[in-house]
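What follows is a single structure, written as structure tokens, with notes after it.
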Amino acid sequence: MLLIECPWCGPRAETEFSHGGEAGITRPANPDALSDAEWADYLFYRSNPRGAHRELWNHARGCRRWFVVERDTVTNRIAGSFRLDEALPVPASAAGKQAEQGD
Amino acid sequence: MQRYSAFSLLRNALGHNRNWGRVWRSPEPKQGYDAIIVGGGGHGLATAYYLAKNHGMSNIAVLEKGWIGGGNTGRNTTIVRSNYLWTEAALLYEKSMQLWEGLSQDLNYNVMFSQRGVYNLGHSLQDMRDIERRVNANRLNGIDAEVVGTAELGKAIPHLNISPGARYPVLGASLQRRGGVARHDAVAWGFARAADALGVDIIEQCAVTGIDVSGGKAVGVQTTRGPIASDRIGVVVAGHAGVLAQMADLRLPIESHPLQAFVSEPIRPVLDTVVMSGAVHGYISQSDKGELVIGAGIDAYNGYGQRGSFPVIEHAMQAIVELFPVFSRVRMLRLWGGIVDVAPDACPILSKTPVEGLYFNCGWGTGGFKATPGSGWAFAHTMAHDEAHELNAPFSLERFSTGALVDEHGAAAVAH
């Protein structure tokens with residue numbers, strides 16, 4: 001059972017939340033200008049990393065607000081929760097990716 | 001290869017079973033091969049076997065990072081069926097079903113394929129409409145399927161709770177009589193042995209750490225046992241497909257999730273068929289050893305740790321107890337989680353890639369075991385001819401940009 005920290009409600013059990021997929025996927029401002037491949041990339045292609053992953057969670061059975069969680073996809077260790085209106089720290093994710101490439 | 005027969009059983013019994021030979025060799029990797037298969041699970045071994053058998057290639061290596069039968073092939077609920085809604089999917093799985101029906105003879109290895117029937121339950125009026133639609137679609141594709149009502153269900157599966165007072169009452173089911181189960185380990189071992197006999201090198205404890213690409217063409221792989229050259233590389237690694245794709249600077253439209261299953265303590269024969277329910281989300285059969293084999297769903301979030309979350313276990317147990325109240329006091333003996341690669345349309349990807357000579361067979365998600373022979377058969381054709389067979393042509397990577405998805409996930413309303 002994951003213990004997920006909602007930025008507003010504090011640590012709660014995983015069953016209160018629903019998962020919203022990879023964070024940071026922005027809908028293209030002008031879809032008509034994209035090639036089919038670029039549109040497919042937005043719709044279907046995800047980074048699916050083995051290691052640090054930033055993902056959206058919704059506190060569906062709580063305050064119903066969305067936020068970002070950084071979680072390791074192998075160990076399930078959660079590095080932190082971030083509100084969508086705050087700047088995300090860079091290091092953990094980037095360091096995780098480098099470590100993964102090294103092994 | 002030492003052929004298995006009643007006579008060989010007798011002869012070895014007289015020798016106190018001390019003279020059985022190795023089932024497959026353990027060769028050192030060569031410097032290069034005509035084709036390399038990355039991943040020694042069922043699909044990878046089947047690919048190697050059909051490359052050798054149907055396409056006359058024998059200078060092939062299968063590279064497995066662990067041991068044969070140690071991955072998802074040895075960790076699934078072993079259900080085999082071909083009752084898919086859409087024609088593209090139905091034909092691919094039906095090809096597989098036809099191969100299953102002759103597989104033990106073909107491999108000279110008993111994969112214990114048991115066509116004990118597969119029931120997919122309906123719990124609502126809409127479920128039943130979907131079931132009738134799917135059964136009709138199956139029949140139009142030449143696949144056996146029938147709709148059964150609760151009276152027949154009650155006779156065929158005496159312990160199934162068909163009471164109208166159930167929380168999710170059972171209203172009927174689809175039945176594919178040719179469906180059933182097979183022994184998963186035997187499938188891996190049988191394909192490994194048969195491929196080895198045709199000259200395929202099965203190299204265990206050999207993890208691929210890099211894919212060498214030169215001028216847009218695949219030229220070889222880096223492994224924990226040294227570099228191996230080949231201009232034809234098939235990647236069949238299920239949950240880790242994305243990790244392998246990254247090695248060739250490719251992206252795949254898949255995400256990896258843990259999928260869980262359990263077996264109970266062995267009990268006396270109580271269930272002689274396979275029961276699946278997409279609505280309460282559980283599926284169950286009984287193994288020849290007497291264990292109840294139970295499948296759960298995937299964790300909603302992606303992950304590579306080979307264990308799933310507790311709420312998913314609880315949910316599957318609730319479903320099973322809802323369907324079979326008699327199992328409420330059966331204790332679970334083992335549980336395991338495997339990493340499955342789920343595509344957006346829950347259909348596989350058997351495809352060429354933008355890198356010439358590099359092929360991917362992935363995206364089988366939660367339902368790959370049943371497709372093992374057909375997947376290998378079609379993927380071998382794709383690798384041998386550098387062109388998809390008509391059976392797997394709809395399952396290319398391009399479908400995600402053309403939009404021609406095979407929307408089995410949304411429309412079939414069946415658990416995979």
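Nothing in this text is a laboratory measurement; each read-out follows from the coordinates by a stated rule. As the structure is a prediction and not an experimental result, all values here were calculated from the model. Backbone-built Cβ (ideal geometry, glycine too); neighbour counts: all protein chains shown.
For segment B:300-374, what class follows from the C-alpha gyration tensor (a ≥ b ≥ c being the square roots of its eigenvalues): rounded when a/c is under 1.5, otherwise prolate if a/b is larger than b/c, else oblate?
In terms of gyration-tensor shape, prolate.
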- Message: Over chain B, with a Gaussian network built from C-alpha contacts below 10 Å, which listed residue (B:Gly71, B:Gly190, B:Gly290) shows the highest mean-square fluctuation?
- Response: B:Gly290
- Rounded to the nearest whole number, the per residue volume of the convex hull around the C-alpha atoms of segment B:97-250 in Å³ is 200 Å³
- Query: Which ³J(HN,Hα) values in Hz, rounded to whole numbers, follow from the phi angles of segment B:286-303 under the Karplus curve 6.51 cos²θ - 1.76 cosθ + 1.60, where θ = phi - 60° and Gly and Pro get x?
  - Reply: 10, 6, 5, 7, x, 6, 7, 9, 10, x, 10, x, 8, 5, 5, 8, 7, x
- Note on the structure: Relative contact order in percent for chain A (Cα pairs under 8 Å, 6+ apart) equals 26 percent
- Note on the structure: In terms of the alpha carbon gyration tensor, root eigenvalues a ≥ b ≥ c, rounded if a/c is under 1.5 and otherwise prolate when a/b exceeds b/c or oblate, segment B:59-185 is prolate
- Query: Karplus couplings for segment B:210-221 from phi (6.51 cos²θ - 1.76 cosθ + 1.60, θ = phi - 60°), rounded to Hz, Gly and Pro as x?
  - Reply: x, 10, 8, 10, 9, x, x, 10, 6, 10, x, 10
- Report the dimensions of segment B:314-416 along its three principal axes from the alpha-carbon atoms, largest first, rounded to Å. 55, 27, 20
- Cα-projected label distance for B:Ala207 with B:Ser5, points at 7 Å along beta-carbon direction, nm: 4.4 nm
- Could you check what % of the DSSP bridge pairs in the protein assembly as shown are antiparallel, to the nearest 5? 75 percent
- So how do B:Leu91, B:Leu350 line up by other beta-carbon neighbours within 10 Å, fewest first? B:Leu91, B:Leu350
- Using a Gaussian network for chain B with springs between C-alpha atoms less than 10 Å apart, which of these wobbles most: B:Ala151, B:Ala393, B:Ala218? B:Ala151
- Given springs between every Cα pair under 10 Å in a Gaussian network model of chain B, which of B:Asp201, B:Asp249, B:Asp231 has the largest fluctuation? B:Asp249
- To the nearest whole number, what is the average tally of beta carbon atoms from other chains within 10 Å of the beta carbons of peptide B:251-264? 3
- Note on the structure: Loop-resident trypsin sites (Lys or Arg not before Pro) in segment A:6-63 with no more than 13 other Cβ atoms inside 10 Å, DSSP not H/G/I/E/B, are A:Arg61
- For chain B, what is the mean residue ellipticity at 222 nm derived from helices alone (per DSSP H run of n ≥ 4: -39500 (n - 2.57); sum divided by total residues; nearest 500 deg cm²/dmol)? -9000 deg cm²/dmol
- Message: Cut-off is 10 Å between beta-carbons; in what order do B:Thr47, B:Thr209 appear when sorted fewest neighbours first?
- Response: B:Thr209, B:Thr47
- Item | Across the protein assembly as shown: Cys residues that no other cysteine approaches within a C-beta distance under 4.7 Å | A:Cys63, B:Cys206, B:Cys347, B:Cys362
- Task: Can you tell me what the convex hull of the Cα atoms of chain B projects to on average, as an area in nm²?
- Result: 20.3 nm²
- Out of residues 5 or more away from A:Arg65 or on other chains, whose amide H comes under 5 Å of its own, with H placed 1.01 Å from N in the peptide plane? A:His59
- Loop-located chymotrypsin sites (Phe, Trp or Tyr not before Pro) in segment A:2-78, at most 15 other Cβ atoms within 10 Å (DSSP): A:Trp8
- Note on the structure: As straight-line cross-link partners of B:Lys53, the qualifying lysines (C-alpha separation under 27 Å, not fewer than 8 residues apart within one chain) are B:Lys30, B:Lys65, B:Lys95, B:Lys217, B:Lys352, B:Lys370
- Item | Cα long-axis angle, helix B:42-55 against chain B (0 to 90 degrees, to the nearest 10) | 60 degrees
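Give me a single rounded figure for B:234-247: the average over its residues of other chain Cβ atoms within 10 Å of their Cβ.
2
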- Message: Give me, ordered by chain and number, the residues 5 or more places off B:Gly363 or on other chains with an amide H under 5 Å from its own placed amide H.
- Response: B:Asp341, B:Ile349
- Per DSSP, the loop-located trypsin sites (Lys or Arg not before Pro) within segment B:318-383 having at most 16 other beta carbons within 10 Å are B:Arg329, B:Arg331
- Please work out the C-alpha center-to-center distance from segment B:289-305 to segment B:329-343 and express it in whole Å. 3 Å
- Message: With unit charges on the beta carbons (Lys and Arg positive, Asp and Glu negative) and the dipole taken about the Cα centre of the protein assembly as shown, which residue among B:Ala371, B:Gly297, B:Val111 sits farthest to the positive side?
- Response: B:Val111
- Have a look at the DSSP beta bridges in chain B and tell me what percent are antiparallel, nearest 5. 70 percent
- Message: Please arrange B:Arg18, B:Arg178, B:Arg167 by how many other C-beta atoms lie within 10 Å of their C-beta, fewest to most.
- Response: B:Arg18, B:Arg167, B:Arg178
- Message: Can you work out the Karplus-derived ³J(HN,Hα) for every residue in segment A:18-27? Use 6.51 cos²θ - 1.76 cosθ + 1.60 with θ = phi - 60°, whole Hz, and x for glycine or proline.
- Response: 10, 8, x, x, 4, 7, x, 8, 9, 5
